[in-house]
Amino acid sequence: MGTKPFCDACGKVQPPSPDIDYFAAFGLPRKLNIDLSALERSFYRLSRKLHPDVYAQATQQEQQWSLEQTSLLNDAYRTLKNSIARTEYLLKLEGVVLEAGKSEDGAAKESRVPADLLEEVFELNMQLEEMRMTRKMGEDDPQLRKDLEKAHIDFESQLAASDSNLQDLWTLWGTALDNEDTARKSETKDQMVALLDRRRYIRNLVRDVNEALEA
Amino acid sequence: MAYSDKVIDHYNNPRNVGQLDKSSSEVGTGLVGAPECGDVMRLQIKVNPETQVIEEAKFKTFGCGSAIASSSLATEWVKGKTIEEAMQITNTDIVKELALPPVKIHCSVLAEDAIRAAIGDWKKKNGVTEGAEVAQAVAAN
């Protein structure tokens, strides 16, 4: 069974291949630098051809397949158009387990979070808590507010920096893929995992700081 | 998803919240985090240098109810245990005690990591190497 949604010979809709990935659904290589407007155009073009409405008069089998193809296409588009979801998806395809927990042999996984980031996250959480408590007592600590506003700017810029670093890693990944450089691929994968971990912490911090400042 | 009564109890009345003097040689500090949910957990132990018994344990956790309950329970459990006994506590014990659902198992993993990190820190401070410990265990048997 091919990865194309239509039969080459008769042009009829086919069931989705069970092992098709979202990149293949769009005929794309497993690279992360994606032309988003081209992706959108492909999405609309394929959607129009695969939509169940087109198959209203077709056999039940074809209706079913068109539904499955459309559903796959929607999931694929939603995942690929988002830079973080796309990166996480690729890492999953490449065998990276992003969820916390124990590895299969039962040994605890090494902490992937750098110690200095943890210290920073912990300290900021302490500050946030202090601010919430001060507020509760009907007071406002101007220094604390200043600190938090500074932290907010700092974390926003870290977030922006991590996005630009991520794009650099996408390019490295693409090159490693083209050169079939396994060592470089695995190195880039690890770097992407570390970056996403860090990014999640920062994103949560930005959210918490925003809440504390708005409360 | 509903939290179990035990989780709610630990969440509402967390045991041993606070901190110990990080610079003391008797104190081991473990700071761990789960990037998936953004939780951070600090667990500290104060160890009697003569008996290696954990006499005091404190924690501070920023995270969900299960993470707070897991670390609260962890401090309760390590208190009164020796370093060796405390190393035997696993996340599965915590999952069972708190009846954590599968989506919250990582909170218990975090608590186990925190215990180990705190013990590791204490060992490092006191020059206890893994090898020496094995020798000690062999001698004890």
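The values are calculated or read from the model by the stated rules, or taken from the named source; none is laboratory data. Just so it is clear, the model here is predicted, and its values are computed rather than measured. Methodologically, a virtual Cβ is constructed for each residue, glycine included, from the backbone with ideal geometry; neighbour enumeration extends over all protein chains shown. Keep in mind that these areas ignore ligands, DNA and RNA; they rest on the heavy atoms of the full protein, side chains included. Shrake-Rupley method; radii C 1.70, N 1.55, O 1.52, S 1.80 Å.
Across chain A, the relative contact order, built from alpha-carbon pairs under 8 Å that are at least six residues apart, equals 20 percent. Its DSSP H runs of at least 4 residues, each contributing -39,500 (n - 2.57), put the calculated 222 nm mean residue ellipticity of chain B at -14500 deg cm²/dmol, to the nearest 500. The relative contact order of the range A:1-81, computed from alpha carbon pairs under 8 Å that lie at least 6 residues apart in sequence, is 36 percent. Taking 16 Å as the straight-line reach from the Cα of A:LYS81, the lysines in range (excluding those fewer than 8 positions away in the same chain) are A:LYS31. Buried between A and B is an accessible area of approximately 1700 Å², summed over both sides with a 1.4 Å probe. Structure note, pairs A:LYS92/B:LYS60; B:LYS6/B:LYS58; A:LYS49/A:LYS189: Cα-Cα distances above 26 angstrom occur for A:LYS92/B:LYS60; A:LYS49/A:LYS189.
In the range B:5-127, if the dipole is taken from +1 on Lys/Arg beta carbons and -1 on Asp/Glu beta carbons about the Cα centre, which of B:ASN48, B:LEU98, B:ALA86 is farthest to the positive end? Sorting the options by dipole projection puts first B:ASN48.
Taken about its Cα centre, the range A:115-214 carries a charge dipole of about 260 debye when Lys and Arg each add +1 at the Cβ and Asp and Glu each add -1 at the Cβ.
With contributions of -39500 (n - 2.57) from each DSSP H run of at least four residues, the per-residue ellipticity at 222 nm computed over chain A stands at -23000 deg cm²/dmol.
Whole-Hz Karplus values for the range A:168-182 come out as 4, 5, 4, 5, 4, 4, x, 5, 4, 5, 4, 8, 6, 8, 4 Hz, taken residue by residue from phi with 6.51 cos²θ - 1.76 cosθ + 1.60 and θ = phi - 60°; glycine and proline positions read x.
The alpha carbon centroids of the range A:142-210 and the range B:17-69 are separated by 28 Å. With all protein chains kept in place, the per residue accessible area of the range B:1-128 amounts to 42 square angstrom at a probe of 1.4 angstrom.
Compute the Cα gyration tensor for the protein assembly as shown, then decide on rounded, prolate or oblate, letting a ≥ b ≥ c be the square roots of its eigenvalues: rounded whenever a/c is under 1.5, prolate when a/b is larger than b/c in the other cases, and oblate in all that remain. The shape class here is prolate. When nucleic acids and ligands are ignored and a 1.4 Å probe is applied, A:VAL113 ends up with an accessible area of around 10 Å². Based on Cα contacts under 8 Å between residues 6+ apart, chain B shows a relative contact order of 28 percent. What a 1.4 Å probe finds exposed on the protein assembly as shown is 51% carbon and sulfur by accessible area, rounded to a whole percent. Work out the charge dipole of the range A:1-81 with +1 on the Cβ of Lys and Arg and -1 on the Cβ of Asp and Glu about the Cα centre, then indicate which of A:ALA25, A:ALA38, A:THR79 is farthest towards its positive end. The residue sitting most towards the positive pole is A:ALA38.
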